[in-house]
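One structure below.
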């Protein structure tokens, strides 16, 4: 028997005083949207499978919430993973997981939309389904149960989660979410069965229905081929691209408690032209699209008025590559000088960073800057296609310190292809050299933090063929850094090798990984991104139970002609281009920014065709705009993803 929102509310009044941060579970925030349940045709629960404190800062969730609630026929409400104390309270009280806005059980919604930006959320997603009373496996869901969809960066390889999710959205969600709702409403009017709904959804550009496909394997365990078992399903599934970015979301919900980012996030640019070979986001988010300064400023005005936030995040993969970044920062500094806004540019590139931009930022409430050399030797930076000289980095550091900033954080990765221990030791030398530049200018106040993560070869990148470092290799490199990177003004941060292995298994897995994920969840795995909850041994046991070897997914080099588990998912960046770029990396050859030269990766003709079907869009690929490349000279072979 179902439970009513009023009954849920009454029980919450008893249990919330017993848990940490009850504000995570109450709703009622400024700018939340509440609609009469029976006044709409479609009810969507947007779910971030981690705690409220993190999920409330997710821009993708905020965009979809705003987009859906602008429709009169639809309501979007929110849910997050309850922390362990709240989960225990829900289970002991017999309460299902519910939406924050109206306290309806998630099982009563038409659509459950999961945001999966990273792979370590997978077991949380299963836990949320179980807490909601929704069958874990897609094949067990009936016609009257919610449609379970998922999108986000982790879904560019959807195969490890294929058994649990009805429908994946590959690519950008602002437009496709409306088409999914429209198709769902049409299906409800026709009173069709679940198979008919899935077929209708599969015909939407960017939608992947995994039950319509089948994977076969070779005797050695590699993928032999992937085929569709429903002749009407598309092949390949091509990522969804928005021809033009919609107006920025401004109606942000103001959280009840402190969250990881209490700020106005404005996406100033989407996509990246740099071509770093390790960077999954840089490959799958092509092409570059920019918003105008006027549009950003207008959105900022509205968002600040609606929220009262005192910090602004100007978001993109490469904020300092935004064409008008200096003009934008200067305009914000001038317009809001009396409010003393903190302006955050989360991704600044060493090679495009300018003295003028630093001067424009100096009046904001920043104590330091984050730069990402990724590797400490020029040889390694050529391999990963981030050709920045050490001297350029030191010159930039000196300019930062000379403007009274005291702290520089440097991001590095260990485990890149062809890396030696000398390359790792160079991280120590470079950090000390940066600190030395600071001491010349501001003395002992100069600080350097090295954030050192471990490289994972991600799908759809030029490095998808290479193996990961083993745990022993990672430990040896980290021990060297811990031993040598010491002293006043120096700090080192790293992640454990076991956490790296988990992310690598999940991001590079095939369909057989669903057994491992399910086994791990049944053994208690959840909050795997939290060190206090992650259990490496538990996952090893889950692999053994599934009859799979974890090293198969992490420690072997792929043959150039190997069929990947994600082969049927197209980002429109052609495998031929990725292969060539990988082979170039072996020679230390680099590519220049594709704003300067087009390398025919595959995105340009796809996007050009999209723009032809959307006349009036103002954006143009820099190559087309500058007449370096003519769209009509692209060959047919280049048009094929």
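All of the numbers you see were taken from the coordinates with simple rules; none came from a lab. In this text the structure is predicted, and so the values were computed from the model without any measurement. In this analysis, Cβ positions are derived from the backbone assuming ideal geometry, glycine residues included, and neighbour counts consider all displayed protein chains.
Hey, what did region 451-592 get for relative contact order, percent, Cα under 8 Å, at least 6 apart? Working shown, then result.
Working: 125 pairs, mean separation 45.5, N = 142.
Computed over region 451-592, the figure is 32 percent.
The protection proxy used here, the mean number of other Cβ atoms lying within 10 Å of each residue, ranks peptides 20-29, 595-604 as follows, highest first: 595-604, 20-29.
Roughly how far apart, in whole Å, are the Cα centres of region 52-119 and region 389-441? Distance between centres, Cα-based: 42 Å. Let me know the shape class of region 5-66, please: from the alpha-carbon gyration tensor, a ≥ b ≥ c as square roots of the eigenvalues, rounded when a/c is under 1.5, otherwise prolate if a/b is greater than b/c, or oblate. It comes out oblate by the Cα gyration axes. Calculate the tail of P(r) for the chain: the fraction of all Cα-Cα distances greater than 31 Å, expressed in %. The proportion of pairs with Cα distances above 31 Å equals 54 percent.
As a footprinting exposure proxy, order 199, 100, 68 by other Cβ within 10 Å, with the fewest listed first. Intermediate results must be reported in sequence, preceding the final value.
Values: 199 18, 100 21, 68 24.
Fewest to most other Cβ atoms nearby, the residues stand as 199, 100, 68.
When DSSP beta bridges are restricted to pairs lying wholly in region 5-238, around 30% turn out antiparallel.
Report Rg/Rh for region 267-554, rounded to two decimals, where Rg is the Cα radius of gyration and Rh the Kirkwood radius. Working shown, then result.
Details: Rg = 21.0 Å, Rh = 21.0 Å.
Checking Rg against Rh, the ratio lands at 1.00.
Gain on full extension, evaluated as 0.36 nm per residue between residue 531 and residue 229 minus their Cα-Cα distance, stands at 104.7 nm. Between residue 551 and residue 327, the modelled labels are 5.7 nm apart [label points 7 Å from Cα along Cα→Cβ].
Estimated from helical segments only, the mean residue ellipticity of the chain at 222 nm is -10500 deg cm²/dmol, where each DSSP H run of four or more residues counts as -39500 (n - 2.57). Reported to the nearest whole Å, the Cα centre-to-centre distance from region 18-47 to region 237-255 is 21. Tell me whether region 28-187 comes out rounded, prolate or oblate; compute the Cα gyration tensor, take square roots of the eigenvalues as a ≥ b ≥ c, and use a/c under 1.5 as the rounded threshold. Since a/c stays below 1.5, the shape of region 28-187 is classed as rounded. Sorted into 5 angstrom bins from 0, the C-alpha pair distances of region 208-334 split as 2, 9, 14, 14, 13, 13, 10, 7, 7, 6, 4, 1, 0, 0 percent. With the simple model of a label 7 Å out from the Cα in the direction of the Cβ, residue 178 to residue 297 spans 2.8 nm.
Between residue 34 and residue 540, the contour length at 0.36 nm per residue exceeds the alpha carbon distance by 177.7 nm. As a calculated quantity, the FRET efficiency between residue 220 and residue 480 at R0 = 45 Å, using C-beta atoms, amounts to about 0.80.
When peptides 570-577, 477-484 are sorted by average Cβ neighbour count within 10 Å, with the highest value leading, the order is 570-577, 477-484.
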